[in-house]
1. Return yes or no: is ILE238 in a helix (DSSP H, G or I), modelled with pLDDT of 95 or more and buried (at least 20 other Cβ atoms within 10 Å of the Cβ)?
2. Could you please let me know if PHE210 is over 30 Å from LEU39 (Cβ atoms), among the aromatic types (Phe, Trp, Tyr) and assigned to a loop (DSSP other than H, G, I, E, B)?
3. Between residues in the range 282-303 that are closer than 25 Å to VAL258 by Cβ and residues that are surrounded by fewer than 15 Cβ atoms within 10 Å (Cβ to Cβ), which pairs lie under 7 Å by C-beta distance while being six or more apart or on different chains?
4. When the range 417-442 is examined, which residues are found to be aliphatic (A, V, I, L, M) and farther than 16 Å from LEU225 by Cα?
5. Could you say which residue among ARG425, ARG413 is closer than 27 Å to PHE311 by Cβ and either basic (Lys, Arg) or modelled with pLDDT of 95 or more (or both)?
6. In this structure, does LYS388 turn out to be farther than 29 Å from ILE275 by Cβ, within 34 Å of the chain's Cα centre (by Cα) and basic (Lys, Arg)?
7. Just to be sure I understand, how many residues within the range 241-259 are assigned to a loop (DSSP other than H, G, I, E, B) and touching a Pro at 6+ places or on another chain (Cβ under 7 Å)?
8. Every residue in the range 220-239 that is touching a Pro at 6+ places or on another chain (Cβ under 6 Å) and within 16 Å of ARG178 (Cα to Cα), please.
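The values are calculated or read from the model by the stated rules, or taken from the named source; none is laboratory data. What you are looking at is a predicted structure, and each value in this text was computed from that prediction instead of being measured. Note: ideal-geometry Cβ built from the backbone for every residue, glycine included; neighbour counts use all protein chains shown.
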Amino acid sequence: MLRTHTCGELKDADVGKKVSLCGWVHSRRDHGKLIFIDLRDRDGLTQIVFIPKVNAELHKVASELRAEYVILVKGTVGNRPQGTVNNKIPTGAVEVAAEELTILNPANTPPFEITDEIKTQEELRLKYRYLDLRRPSLQKNFKIKHKVYTAIRNHLNAQNFIECETPILTKSTPEGARDYLVPSRLSPGKFFALPQSPQLFKQLLMVAGFERYYQIARCFRDEDLRADRQPEFTQLDIEMSFIDAEDIFSLIENLMKVVVKDVLNIDLEIPFKRISHDEAIKKYGSDKPDTRQDKDKELLNFLWVIDFPLFKYDEEEKRWDMEHHPFTSPKPNDIKELDKSLGDIKANSYDLVLNGSEIASGSIRIHTKEMQEKIFKAIGMDKAETKKRFGFLLDAFDYGAPPHGGIAFGLDRLTAIFIKSETIRDVIAFPKTQKASCPMTDAPSNATEKQLKELHIKIR
């Protein structure tokens, strides 16, 4: 290792030690005889002092350092002089008297200052996202997101779940938004779709006998963007066999209790309150109501919204469609209404709302071929279309599918709420703009004629 310590590690107990530190020059202050460098890495800042009477040549090299130079410094840890202690940072009581300096990489002047008090427009920050991500506040966001992932994995692993990946290149299926399509070179004129969620694959894993599955999955939706939407995002995907909705509620409430304690050190009260969809609309005018009596005293207000309608009527298309997706089962007592009044049928589904944002949605799934075909028929899909689009799922149901259900969390939304951010772009390393473009890589970009020819595509 090039370094013995990080820049956020040294304390009073390290005084007198010979150390090696690596990082970026955060700032340089020239006090004439003394030059001070704040050296930064992801763990924090350490003050480095260059003293000309100790090493005049080293002092001269230090005077040439500029912001964001990458350097290696070796020296001895000492106490800061009386009156210069910085109590705002963990290393503020000590400094390192430099004895050796190696410039590992010089740097151009950044287009904006690497500081949390930044006023630069987002478009420019996204163009130089690798510089924007050096800011301590953003790096803190991703440490929190990592803690969320770790807490989730630890808890679900202890509950006997299996983490399993599902395909990224898959078949286009309706999930509520437009698919991103990928042309197939080996099958001219045909397309893969990027998954809006692993919905069908996780159901197939239940047919396969996995019983308890989870995945921290990448999902893709071609939809208009806003603060809590991105074309690609991350969700926690969970599916379980031989369960009912109460099992999901219990699992998720205990999971959230663990995550909130591990990440925010807050003791969450469970069980969460529940409200019907009808009551939410009537009382709050929203299916994701913020029911806090005193808002950030009630920092986290989790709420289950249940008893959604199974169908909704599309006035433009003049037909019935699904409120969620077509694999959601009706409430057992409402099954008889499938041949009568679709508007009166309730779904065996549930949303988890946090502070007025939907952070998770799930349902008990359909697990019989007969019921699934009835739902497809109710939304206007004939047998030919059903077989073409979902024949593989219906075939699987012929081989003994267990009752099953699950839920999916928007982990970007959840983390954004934890850090009190208004946008999920603050917890996505390389997000897109509201026009679904990347200023840094200039994506999406044009394809070459050769590429288009190989894919049998012509641009009109």
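1. So ILE238 does not fit the description; no.
2. It is true that PHE210 is over 30 Å from LEU39 (Cβ atoms), among the aromatic types (Phe, Trp, Tyr) and assigned to a loop (DSSP other than H, G, I, E, B).
3. Listed by first residue and then by second, the contacts come to ARG292/GLU298; ASP296/LYS420; LEU299/ILE266; LEU300/ILE266; LEU303/LYS273.
4. ILE417, ILE419, ALA429, MET440, listed by residue number.
5. Only one candidate qualifies: ARG413.
6. Yes; evaluated as a whole, the condition is true for this residue.
7. 1
8. Correct list: GLN230 only.
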